[in-house]
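*Asks:* First the structure, which I've put down as structure tokens, then a few questions once you've had a look.
The values are calculated or read from the model by the stated rules, or taken from the named source; none is laboratory data. In this text the structure is predicted, and so the values were computed from the model without any measurement. Cβ placement follows ideal geometry from the backbone for every residue including glycine, while neighbour counts extend to all protein chains displayed.
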């Protein structure tokens, strides 16, 4: 993210890059704003003419109201009607343009996060990202609407009013021109403070959103451990801090109107004093005075709205800073210019002296080397933190090794496009996450466009078909958010079906049967054995009973291979694997 002077231009850059494509809507809005301004600017001069006509009526020779006066009164009504219609058109056009730009901004943020590095998503609170899509976008929407609806209309109206005021009485107009600019120095200073504090407030909203999401998702643990008071205390502290930061923003914003109010009052005092002196001296007329006051009444709300625009724009600028933090972030893991598509992969996997540390500095792999061939099932076991899940992350190229090579079909994974590499793999994660869609749709995500019969075949292979038919709606039953409508075992079997339907040559199973009962696990293991015949299957399991039938078991410890062999061979060696088995049996 840019610093210094460039940072203050984030909002202008956003307008240029995301709002300008919808220029036709803002052009219509501007045209309507110009009509609105012309109609408003005419009020003062028309009022002057009406007052002068009324003065003539008050004379001793006046008998009837002249038709010209009726016409002037009618024109004022017509101007009001025109102004109301143009205001409606301006608001509708500008709102449409802003809303379409906001859709583009949200899409750009989501695309950047979705296509960006996995490390970036896993390093930050989910609530922080959600805040950027809701609260930051709301600030941008508010700034965009206020700028689109008030800036052009306000500037054109003030200019038009000043022109008519100069025509009527240049001396009174000069007083206003001299007094009002004095107020804008403090207003701009307040706006800069609002920007700084708005950014702090927007960041803190993300922290509160994360806290709330965490609290609701951990409701079972909270109830089980009696943590209600602890959670309420955390939430209250977050709400209080949110209130404190928001009050600071409101306090600075609230100071704008009083500054403009006192400025307007001083200008009015000057106008009244000068007008009284000049009327007494015969230098001006009552018509001019009333016309100027009418013009001021029209211009004052516009001046006040323009005065508050700086604070609103600064809040929008703070939100724009955060938007560009996401959009401008360059992925560290991306396809090389000479990357090729991995087609018809056989599925051989090899790690050659791989070293890797996570962004927080923790060393996960320290010279890991092993291989797995097509048709072979290789189990990765070891104590927590030994580097098992890291193997899958590197193979999927969610991270890149510090040194060494991760190979697929004899080539470094960096030689392939990321999309084609992942098309050649199917992952069943321990979490078994499902999307808020139907059961059939969740299975078909493994291979978009799969037929209903293929979906059912994959479900049968994952021992899921029978329980799916028992759900209300069967394959059309909704899974709910994160699959909450289903049990843990049901979610895991649907996740297995999703991997099976992918028909990928490399199958990655990360505790894939941990949520299943013994009978279901036996069925799934049998199905997987049949499915894995021609595939390379890597299995992570803490429950060692699930890896006895693996062709090879690789025991990881402290980021490298400690032992390797079949279940029986490793038991005979009497090393770490035997200790793990005995520990589980005990």
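Quick grid of which residues meet (1) surrounded by fewer than 18 Cβ atoms within 10 Å (Cβ to Cβ); (2) outside any loop (DSSP other than H, G, I, E, B):
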| position | (1), (2) |
| --- | --- |
| 386 | no, no |
| 391 | no, yes |
| 397 | no, no |
| 405 | yes, yes |
| 421 | no, yes |
| 431 | yes, no |
| 434 | no, no |
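*Asks:* Being part of a helix (DSSP H, G or I) and surrounded by fewer than 17 Cβ atoms within 10 Å (Cβ to Cβ) is the filter here; which residues of the range 475-522 pass it? Spell out how you get there, then give the answer.
*Replies:* Our first condition is that a residue be part of a helix (DSSP H, G or I); within the range 475-522, this holds for 475-476, 481-483, 488-502, 518-522.
Hits for the range 475-522 are 476, 481, 482, 488, 518, 519, 522.
*Asks:* Which pairs do you get when a residue that is not assigned by TED's automatic domain parsing to the domain that holds residue 47, found in the range 158-184, comes within reach of a residue that is surrounded by 15 or more Cβ atoms within 10 Å (Cβ to Cβ) and modelled with pLDDT of 70 or more, reach meaning Cβ atoms under 7 angstrom, with the pair 6+ apart or on two chains?
*Replies:* Close Cβ pairs satisfying both conditions: none exist.
*Asks:* Here's another thing I want to ask about it. Determine if the range 465-474 includes at least one residue that is at pLDDT 85 or above, touching a strand residue (DSSP E or B) at 6+ places or on another chain (Cβ under 7 Å) and surrounded by 17 or more Cβ atoms within 10 Å (Cβ to Cβ). Explain how you work it out, then say what you get.
*Replies:* In the first step, residues of the range 465-474 are kept if they are at pLDDT 85 or above; the result is 465-474.
Subsequent filtering for residues that are touching a strand residue (DSSP E or B) at 6+ places or on another chain (Cβ under 7 Å) retains none.
Among the residues of the range 465-474, not one is at pLDDT 85 or above, touching a strand residue (DSSP E or B) at 6+ places or on another chain (Cβ under 7 Å) and surrounded by 17 or more Cβ atoms within 10 Å (Cβ to Cβ), which makes the answer no.
*Asks:* Right, something else. Pick out the one residue from 494, 506 that is under 30 Å from residue 345 (Cα atoms) and touching a strand residue (DSSP E or B) at 6+ places or on another chain (Cβ under 6 Å).
*Replies:* Answer to the check: 506.
*Asks:* Of everything in the range 525-538, what is within 28 Å of residue 409 (Cβ to Cβ) and part of a helix (DSSP H, G or I)? Give them in sequence order. Quick ask: steps written out before the conclusion?
*Replies:* Going through the range 525-538, the residues within 28 Å of residue 409 (Cβ to Cβ) turn out to be 525, 527-538.
Within the range 525-538, 525, 527, 528, 529, 530, 531 meet the criteria.
*Asks:* For residue 546, indicate whether it is in contact with a helix residue (DSSP H, G or I) (Cβ under 8 Å, 6 or more places away or on another chain) and surrounded by 18 or more Cβ atoms within 10 Å (Cβ to Cβ).
*Replies:* On the way: in contact with a helix residue (DSSP H, G or I) (Cβ under 8 Å, 6 or more places away or on another chain): yes; surrounded by 18 or more Cβ atoms within 10 Å (Cβ to Cβ): yes.
Criteria met by residue 546.
*Asks:* May I ask you to say which residue of 402, 458 is assigned by TED's automatic domain parsing to the domain that holds residue 375 and within 24 Å of residue 527 (Cβ to Cβ)?
*Replies:* On the way: 402 fails: within 24 Å of residue 527 (Cβ to Cβ).
Within the list 402, 458, the selection yields 458.
*Asks:* If you don't mind, another one. Based on this model, can you work out whether residue 530 counts as surrounded by fewer than 17 Cβ atoms within 10 Å (Cβ to Cβ) and either within 30 Å of residue 433 (Cβ to Cβ) or assigned by TED's automatic domain parsing to the domain that holds residue 388 (or both)? First the steps, then the outcome.
*Replies:* On the way: surrounded by fewer than 17 Cβ atoms within 10 Å (Cβ to Cβ): yes; either within 30 Å of residue 433 (Cβ to Cβ) or assigned by TED's automatic domain parsing to the domain that holds residue 388 (or both): yes.
Against the criterion (surrounded by fewer than 17 Cβ atoms within 10 Å (Cβ to Cβ) and either within 30 Å of residue 433 (Cβ to Cβ) or assigned by TED's automatic domain parsing to the domain that holds residue 388 (or both)), residue 530 qualifies.
*Asks:* Restricting to the range 407-419, count the residues that are assigned to a loop (DSSP other than H, G, I, E, B) and over 19 Å from residue 118 (Cα atoms).
*Replies:* Within the range 407-419, the first condition is being assigned to a loop (DSSP other than H, G, I, E, B), and the residues that meet it are 409-410, 417.
After this cut, where a residue has to be over 19 Å from residue 118 (Cα atoms) as well, the list is 409-410.
Number satisfying all stated conditions: 2.
*Asks:* Which of the residues spanning the range 539-578 are assigned to a helix (DSSP H, G or I) and over 48 Å from the mean Cα position of the chain (by Cα)? Quick ask: steps written out before the conclusion?
*Replies:* Of all residues in the range 539-578, those assigned to a helix (DSSP H, G or I) come to 544-547, 567-573, 576-578.
Within the range 539-578, 567, 568, 569, 570, 571, 572, 573, 578 meet the criteria.
Residues are listed down the side, and each one gets a yes or a no for (1) over 39 Å from the mean Cα position of the chain (by Cα); (2) surrounded by 22 or more Cβ atoms within 10 Å (Cβ to Cβ); (3) in a strand (DSSP E or B):
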position: 344; (1), (2), (3): no, no, no
position: 350; (1), (2), (3): no, no, yes
position: 354; (1), (2), (3): no, yes, yes
position: 371; (1), (2), (3): yes, no, yes
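*Asks:* A further question on this structure: Being assigned to a strand (DSSP E or B), modelled with pLDDT under 90 and closer than 24 Å to residue 339 by Cα is the requirement here; does residue 426 meet it?
*Replies:* Working: assigned to a strand (DSSP E or B): yes; modelled with pLDDT under 90: yes; closer than 24 Å to residue 339 by Cα: yes.
So residue 426 fits the description; yes.
*Asks:* Counting only residues that are surrounded by 17 or more Cβ atoms within 10 Å (Cβ to Cβ) and at pLDDT 85 or above, how many does the range 76-88 have?
*Replies:* 2
*Asks:* Also, I was wondering about something else. When you go through 394, 427 one by one, which is the residue that is assigned by TED's automatic domain parsing to the domain that holds residue 363, touching a residue at least 12 places away in the same chain (Cβ under 8 Å) and closer than 22 Å to residue 500 by Cβ? I'd like the intermediate steps shown before the answer.
*Replies:* Details: 394 fails: closer than 22 Å to residue 500 by Cβ.
Result: 427 is the single residue among 394, 427 that is assigned by TED's automatic domain parsing to the domain that holds residue 363, touching a residue at least 12 places away in the same chain (Cβ under 8 Å) and closer than 22 Å to residue 500 by Cβ.
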